[in-house]
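The values are calculated or read from the model by the stated rules, or taken from the named source; none is laboratory data. Bear in mind the structure is a predicted one, so any value in this text is a computation, not a measurement. Here the Cβ positions follow ideal geometry from the backbone for every residue, glycine too, while neighbour counts run over all protein chains shown.
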Amino acid sequence: MSGLRLAYYDLSPELLQGFRIVKDELEKSPLGLKLIELVYLRVSQINGCSFCLNKHSRSLRENQETDRRLWELAGWRVSNQFTLREKAALEWAEALTYISTTHADDEAYFPLKAHFTDKEISDLTFAISLMNGMNRLAIGMRQ
């Protein structure tokens, strides 16, 4: 089957609105939109959501993200383009996205404490959870 399976955004607008509320609130987070979008893009890379890859790459470019950082995002562990703060966020993003194998272990969680407040860690966890949910909607419904 190709094309949209179901217009979930029309069929369940009230439920989708909940996702939009979380997204809107995250845009006010002290994390900053650039870090949030970077995390969204990495989660979408892992999940293989082409719709979200396009959307978040475009958003990052509009916010002056460099091509080099976008190109190296999948290899962030060996790249010198990312700060320790960003690397801690990306590690947590991967741990939560691959939760069935990582179980969100302490090795991924504890480095966050050196770079983020508790509120920021909470917001980051919501951002990762939101993008995983949105990826599953977009991929599952073939958006």
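Within the set of pairs 6 or more residues apart or between chains, which connect a residue that is more than 20 Å from Glu91 (Cβ to Cβ) inside the stretch 50-79 to a residue that is at pLDDT 95 or above and among the basic types (Lys, Arg) with Cβ atoms less than 9 Å apart?
Listed pairs, sorted by first residue: Asn63/Lys34; Gln64/Lys34; Asp67/Arg61.
Return the residues of the stretch 49-69 that are assigned to a helix (DSSP H, G or I) and more than 28 Å from Leu4 (Cα to Cα); say none if nothing qualifies.
Asp67, Arg68, Arg69
Check whether at least one residue in the stretch 57-67 is farther than 20 Å from Glu27 by Cα and polar (S, T, N, Q), and report yes or no.
So far as the stretch 57-67 goes, yes, one or more of its residues are farther than 20 Å from Glu27 by Cα and polar (S, T, N, Q).
Among the residues of the stretch 1-48, which ones are without any contact (Cβ under 8 Å) to a residue 24 or more places away in the chain, closer than 22 Å to Asp123 by Cα and not in a helix (DSSP H, G or I)?
Result: Glu27, Lys28, Gly32.
Starting from the stretch 131-143, take each residue that is on the phi > 0 side of the Ramachandran plot and list its partners that are not β-branched (Val, Ile, Thr), counting only C-beta distances under 8 angstrom and pairs at least six apart or across chains.
Arg142/Met1; Arg142/Ser2; Arg142/Gly3; Arg142/Leu4; Arg142/Arg5
Do we find that Thr66 is surrounded by 15 or more Cβ atoms within 10 Å (Cβ to Cβ), among the hydroxyl-bearing types (Ser, Thr, Tyr) and out of contact with any strand residue (DSSP E or B) (no Cβ under 9 Å at 6 or more places or on another chain) in this structure?
no
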